Structure formats: C-alpha cells, structure tokens
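Undergrad: The structure that follows is given in the form of structure tokens.
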Amino acid sequence: MWKMVAGDLYHGFKPGFKRFMEQTAYIFPMIFWNLLIAPLILVSGQYILLYYAGMLPMMSAVILFGVYGGTVNKVFYLCPLSGDERRKYFVVSWGIRAGLPVFFSLLFEAVLCLLNRVSLQTAFLVVLTVAFFSAAMSVYAGSMNRNSSGAARSGGMPAGYTAWGAVILMLGIFAMFFLTALVGDVKKPRFNGMVTVFMWMLFFAHALAVLFVTARYFRRAIGCMVCYENGRKREL
Amino acid sequence: MLQLEHVEKRLGNFKLSDITFELPKGYILGLIGKNGAGKTTLLHLLMGLYTADAGKIRVLGDDPKTQEVRVKRRIGWVLSEDLFGAGQTLGGNADMYGKYYPEYSRAKFLEYCGRFGLSPKRLLGKCSKGEKLKFQFAFALSHAPKLLLLDEPTASFDPEFRDEFFKVITEFISDGERGVVLATHLTADLDRYADYVAMLEQGKLVFCMERCELADAYRIVSGEEYKLRLLGDKVLSVESGKYGAKAFVKHSRRMAYDTALCVSVPTLEEIMFYHAMWQNGAGFTGNLRKG
C-alpha cells in the first residue's frame, strides 16, 4: 500500500502543484510568515535560522495541503478497491503527507543541534509543533471530493473545516514565531516573563486545537474517502 | 449478466424509481433517455458508486456493494467526463490504475492504443475529448472485463471511429459470455447495434425490451386527424400539422389500419421524442400539441 500511495502522490504532485500555484489564497500565509520575521531580522539576524528551520517545514505542510487537498480522482472509486483498502490508502496517504514536514523539521533541527545553534529541548518543541500542525493540515487534505477533473473544490467535509483550518494556521504560525524568533531557545530564553508565558500558551492552544480537530474530522475524512457517495451527499 | 429488481435511488430532488430489468449474457443494452432522465445515476448504481435505497441489483451475479471488488474487477467503464491524471501520459495512467486489476495487460492496452490511433506516450491533458474517451475505452478493454458500462461515449467520436467503436463492441460480445450497457442519446447507432433497449424518463423506466420487440411495439401513423381518432386509446401522442396529423401508436400484430393512413416503424429517436410528448399529455385525451 505504501508503494501505491507514494506512486500516486508522486504522479499527482505536478498537476497538484500547478493547481496550487493558481490559488492565490495560499500566498497570504507565506507572505505573513516572512513579514513576521522581517522587523527582527533588522534588529538581530541570529534567530533567522531557527525561525526558518521551524517555518519551512510548516510551509511544506501547507504546500502539501494545497497540492493534494480536496481532490481525489473518480477513477479511484471505479477501480476494484474495497472500502478497507481505501481506508488504508487514506491513512497511509495521511501518514506520508503529515510525515514529510516532520521529517524536514527533524533534519533541520538535527543540523542546528549539531551546529550548537539550538538546545535539544527547543528542537524537540519545534518538531512537536510541526508534527501537530502537519497532522491537522493533512487531515484536511484528506477531505476528499469526488471530483473527476481533479480541480480543487471544497467538498466532503463539514463547513467548520475551513474555519478550523484558519485557526490552526494562525495558532501554528504564532506558536512557532514566539518559540523560535522571540523566545529563541527555551533553555536560555531571549526574553523572559510574559513572552515565554505567551509562547507556552500558544504552544498548548495550538496543540489542543490540533488534537480537537484531528479527533473531530479524521473519522469523517475517512468516511468521505471510503465511500464515493458520502462525499457527494454533501455536495448536493 | 445484469438483474435489477424494483431499484430506487434518491439523489437530492431526483429520484430513480422502480427500475426492473434484466440483461442476459452476450447482448448490448442501449440505455436511452433525455438529459437528466437518470441514465448516469443508473450506471453509477451498476458500478457500485451509489448504493440503492431499495431493490436488488446483481451485476455478473454479485451485489456491487457487498462484492465490490469482485464486481469492479470484471467491469470496464467509459464515462463522458475527464477521468485519470491529466499530467500523466496515457501509458502512465493505464499502468498506474491497471495495477488494481489482476487481469490488466499492458500489451493489450498498447494493442488497442494502436488500433484507436493513440500514442501511449502522449500526455492525457493534451488529448482532445474524443481521444480521452478512446483512451478510457482502450483501458477498459485492457483488463479483460466481462461487462462494459459506457456512458455517452459516442457523441465525442468522429463518424469513422464510431464504426470502429461498434466493431470492437461487437467483437467484445461475440463469445456470448460478455455484455455491454451503452447509455446514449445518439440513438441512430443503437438502432443498428443494440439487442435490448431501455428507456428512462424522469427517473422511471418507460420500457426495457428487445430491439426487434420494440420495433413491433409502436408505429408512427400519419394521415387525417379524424381517421387517427378512430385508433382510440392506442394513440399515445399526436402531432398535428396543417395538412394532417402524425400519431405515435401502441401497435399490436392484430391491429389493422385504414388504407388511407401511412404507417411506419419508428426509429429509437422517434420513440424517445413521442414518448416524451406522451408524458406531457399530448394524446387525444390530453392537450393536442400543435406541430
């Protein structure tokens, strides 16, 4: 199954990326991410590495969401796959899509740890934030819509899906910004007091939101994925 | 091959109701009806994409819902919509989805590509609508299905390929073990090739019968209106003109017509047209439709 999903993701990347580039909505978080760090770069550039090591994997989760989100080819439902196989397909696909940003984050943090630019604790918190973020974003990407042409449309998932996506996006961005650019390193914080408190508050708020959303929508996403009709009912 | 008993399916405001028919092995069933009559919904039920709300469906002896994999392995499909990945080549697409079919043969796929004038190295996104459907058809045949479900494919084919298409279909059913369901509103081809014809109208099955039986079931009778009135309740719908009227009549072998009337066997297109008129109440008992 891993091989099959990986192959499908590989072949789906090019048309998906083309679709992603046509959607201007995804540009705003990217601009926002870069604007956040801009004033701090002018003051001191030492945290820029830490910031981008956290943010780039998060961006990759958003890109993967944009590339694969909301679509599944109708052929998938016409082919002889059982409901169980489609369920497995979804879980494996979710695992790959959620796992890739975590892998990037692990890689970047490992390099930074080796370069002595960050403590193990902070590296762990960054990877955890990326893992939470990409887990939730990839569930959304699983909101499969029975769309034969492959054009991105929001279907198959309840309306709250988009709202929660925006909440997680903002919480994730700010949690990572406070963790890497402002606090810098939890072992030797750049700013103490309220900044660190805010960092922990954002970190836990983000984690809780992700857990809530994953628990709430994961099963529904599987339900939409397994049955062609389940996804279509919501379109009618 | 196919068995449907009192099948019902509701989709939003549309309802497919009380569909009952059978298709034996070795035949072509033409599914006709206007846009929105329920042809695609019925095909989706046969493909196992939808579950029937009521009734029984058997495809190749199995329930397409409970025996999903078994049924889908033996079904080939062509849908008049963009399927498969546009960014991949025809060969790439066929191999990617062919792996789900145990009987898929790349050699067979390439053979059909050659026969249909398709290059397997061409990107699907660069193909015309007709070529995309030819590709779907080649893919459908490449995994040795027992049943072909074809949804409006012929409309996008050029006349030359349409002949080739029906030649392939005729070859396909020639062993007497396989079947074809072809939904279309281009009825001229069905007049030549279909063994059975089923007509849907607003989600209801108007009839499902053998083509030759259908040829005996109706007549188009034209002549003076008062003479047509004598045919009584056999007249299903009437089209009145300046110089006479044309009636769509339920025919039986014992029926005798006035010699002054001109009687002809209706084509499928005429049957579709006049049935629609009948549904709209255009008989002598209803509102007379002016032609």
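The values are calculated or read from the model by the stated rules, or taken from the named source; none is laboratory data. Owing to the predicted nature of the structure, the values given are computational and were not obtained by experimental measurement. No Cβ is skipped: glycine too gets one built from the backbone with ideal geometry, and neighbour counts run over all protein chains shown. Each accessible area value is taken on the protein alone, full model and side chains, heavy atoms only, with ligands, DNA and RNA left out. Shrake-Rupley method; radii C 1.70, N 1.55, O 1.52, S 1.80 Å.
Undergrad: Given all pairs of different Cα atoms, what value in angstroms does the Kirkwood hydrodynamic radius of segment B:11-102 take?
TA: Taking every pair of different Cα atoms in segment B:11-102, averaging 1/r and inverting gives 15.3 Å.
Undergrad: Counting Lys and Arg as +1 and Asp and Glu as -1, each charge on the Cβ, what is the dipole of the protein assembly as shown about the Cα centre in debye, to the nearest 20?
TA: With only Lys, Arg, Asp and Glu charged at Cβ, the dipole is about 1120 debye.
Undergrad: As a check on your grasp of the helix formula, calculate [θ] at 222 nm for chain B: sum -39500 (n - 2.57) over DSSP H runs of n ≥ 4, divide by the residue count, round to the nearest 500. Mind showing how you got there, number by number?
TA: Working: 10 runs with 95 residues, N = 291.
Per the formula, -9500 deg cm²/dmol.
Undergrad: Across the residues of B:167-177, average count of Cβ atoms on other protein chains within 10 Å?
TA: Mean number of neighbouring Cβ atoms from other chains: 0.
Undergrad: Once label points are set 7 Å from the Cα along Cα→Cβ at both B:K121 and B:E160, what is their separation, rounded to one decimal in nm?
TA: 2.3
Undergrad: Could you point to the residue in B:F14, B:H275, A:V118 farthest towards the positive end of the protein assembly as shown's charge dipole, with +1 and -1 charges on the Cβ of Lys/Arg and Asp/Glu respectively?
TA: Of the listed residues, the answer is A:V118.
Undergrad: Using only the C-alpha atoms of segment B:2-213, find the volume of their convex hull and express it per residue in Å³. Present the calculation step by step, with values, prior to reporting the outcome.
TA: On the way: hull volume 24.5 nm³, N = 212.
Convex hull of Cα atoms, per residue: 116 Å³.
Undergrad: Any aspartates and glutamates with Cα under 14 Å of the B:K126 Cα? List them, leaving off those in the same chain fewer than 8 positions away.
TA: Leaving aside aspartates and glutamates fewer than 8 places away in the same chain, those within reach of B:K126 are B:D82.
Undergrad: Can you pull the one-decimal nm distance between simple spin-label points at A:Q46 and B:R192, each 7 Å off the Cα toward Cβ?
TA: Once both label points are built, they end up 8.4 nm from each other.
Undergrad: Wrap a convex hull around the Cα atoms of segment B:116-160, take a quarter of its surface area, and give that in square nanometres.
TA: So the Cα hull casts an average projection of 3.6 nm².
Undergrad: Could you work out the mean count of beta carbons from other protein chains within 10 Å of each residue's beta carbon in B:78-88? Please list the in-between numbers first.
TA: On the way: counts 0, 4, 0, 4, 7, 8, 5, 9, 6, 10, 4.
Whole-number average of other-chain Cβ neighbours for B:78-88 is 5.
Undergrad: With +1 on the Cβ of every Lys and Arg and -1 on the Cβ of every Asp and Glu, and nothing else charged, how large is the dipole of segment B:217-290 about its Cα centre, in debye rounded to the nearest 20?
TA: Approximately 140 debye in magnitude.
Undergrad: Calculate the FRET efficiency for A:W200 and A:H11 from the Cβ-Cβ distance with a Förster distance of 60 Å, rounded to the nearest 0.05.
TA: Numbers: r = 42 Å, r/R0 = 0.71.
With a Förster radius of 60 Å, E is 0.90.
Undergrad: Here's something else I'd like to know. Across 10 Å bins from the origin, how do the percents of Cα pairs in segment B:217-290 run, short distances first?
TA: 22, 60, 18, 0
Undergrad: Moving on. Rounded, prolate or oblate for segment B:71-116? Axes are the square roots of the Cα gyration tensor eigenvalues, ordered a ≥ b ≥ c, and the cut-off for rounded is a/c under 1.5. Present the calculation step by step, with values, prior to reporting the outcome.
TA: Working: a/c = 1.34, a/b = 1.07, b/c = 1.25.
Here segment B:71-116 falls in the rounded category.
Undergrad: A further question on this structure: B:E81 versus A:Q23, label points 7 Å from Cα toward the beta carbon: distance in nm?
TA: The answer from the label model is 1.9 nm.
Undergrad: May I ask for the equivalent-ellipsoid semi-axes of the protein assembly as shown, computed as the square root of five times each C-alpha gyration tensor eigenvalue and listed largest first in whole Å?
TA: Result for the protein assembly as shown: semi-axes of 60, 24, 19 Å.
Undergrad: What Kirkwood radius, in Å to one decimal, follows from the Cα pairs of segment B:132-291?
TA: After inverting the mean inverse Cα-Cα distance, the result is 17.7 Å.
Undergrad: Would you calculate the volume per residue, in Å³, of the smallest convex hull containing every Cα atom of segment B:138-202? Intermediate results must be reported in sequence, preceding the final value.
TA: Values: hull volume 6.6 nm³, N = 65.
Each residue corresponds to 102 Å³ of Cα convex hull volume.
Undergrad: Next up: What pairs from B:K72/B:K129; B:K204/B:K242; B:K15/B:K134; B:K72/B:K134; A:K74/B:K129; B:K39/B:K72 go past 22 Å between their alpha carbons?
TA: B:K72/B:K129; B:K204/B:K242; B:K15/B:K134
Undergrad: Can I ask one more? Let me know the mean shielding of A:80-87 by other chains, meaning the per-residue number of their Cβ atoms within 10 Å of its Cβ.
TA: 4
Undergrad: Using only the alpha-carbon atoms of segment B:189-237, report the extent along each of the three principal axes, biggest first, to the nearest angstrom.
TA: Projected onto its principal axes, the Cα set of segment B:189-237 covers 36, 25, 16 Å.
Undergrad: Next question, about the same structure. Mean shadow of segment B:98-217, computed from the convex hull of its alpha carbons, in nm²? Don't jump to the answer; show the numbers that get you there.
TA: Details: hull surface 35.5 nm².
The Cα convex hull of segment B:98-217, projected and averaged over all directions, gives 8.9 nm².
Undergrad: Whole angstrom only: what separates the Cα centroid of segment A:11-26 from the Cα centroid of segment B:203-263?
TA: Cα centroid to Cα centroid, the span is 58 Å.
Undergrad: At 20 °C and 1.002 mPa s, what whole-number value in µm²/s does Stokes-Einstein give for the translational diffusion of segment B:4-57, with Rh from the Kirkwood sum over Cα pairs?
TA: 183
Undergrad: Return the inverse of the average 1/r over all pairs of distinct C-alpha atoms in segment A:2-233, which is the Kirkwood hydrodynamic radius, in Å to one decimal.
TA: On the way: mean 1/r = 0.0546 Å⁻¹.
Taking every pair of different Cα atoms in segment A:2-233, averaging 1/r and inverting gives 18.3 Å.
Undergrad: Quick check: Cα centre of segment A:213-227 to Cα centre of segment B:1-60, how many Å?
TA: That distance is 29 Å.
Undergrad: Filter the DSSP H helices in chain B by two things, a Kyte-Doolittle mean of at least -0.5 and an axial alpha-carbon span of 18 angstrom or more, and list the hits by number.
TA: The answer, listed by residue number, is B:129-142, B:159-173.
Undergrad: Straight-line reach from B:K250: which lysines have Cα under 18 Å away, leaving out those fewer than 8 places along the same chain?
TA: Correct list for B:K250: B:K227, B:K234.
Undergrad: If packing is taken as the average number of other Cβ atoms within 10 Å across a peptide's residues, how do A:25-32, B:239-246, B:252-259 rank, most packed first? Could you put the intermediate results ahead of the total?
TA: Working: A:25-32: 12.0, B:239-246: 14.8, B:252-259: 9.5.
Highest-to-lowest ranking by the protection proxy: B:239-246, A:25-32, B:252-259.
Undergrad: Report the calculated FRET efficiency for B:D258 and B:R70 (r = Cβ-Cβ distance, R0 = 45 Å), to the nearest 0.05.
TA: 0.20
Undergrad: Could you rank the peptides A:201-211, A:122-132 by their average count of other C-beta atoms within 10 Å per residue, with the highest value first?
TA: Numbers: A:201-211: 18.0, A:122-132: 22.7.
Sorting A:201-211, A:122-132 by mean packing, highest first, produces A:122-132, A:201-211.
Undergrad: With unit charges on the beta carbons (Lys and Arg positive, Asp and Glu negative) and the dipole taken about the Cα centre of segment B:2-213, which residue among B:A144, B:T187, B:G98 sits farthest to the positive side?
TA: Value: B:G98.
Undergrad: Here's another thing I want to ask about it. Using a simple charge model, +1 on the beta-carbon of Lys and Arg, -1 on the beta-carbon of Asp and Glu, nothing else, what dipole does segment B:178-235 show about its Cα centre, in debye to the nearest 20?
TA: 40
Undergrad: Would you mind working out the accessible area per residue for segment B:217-290, using a 1.4 Å probe, and quoting it in Å²?
TA: Roughly 58 Å² per residue, with all protein chains present.
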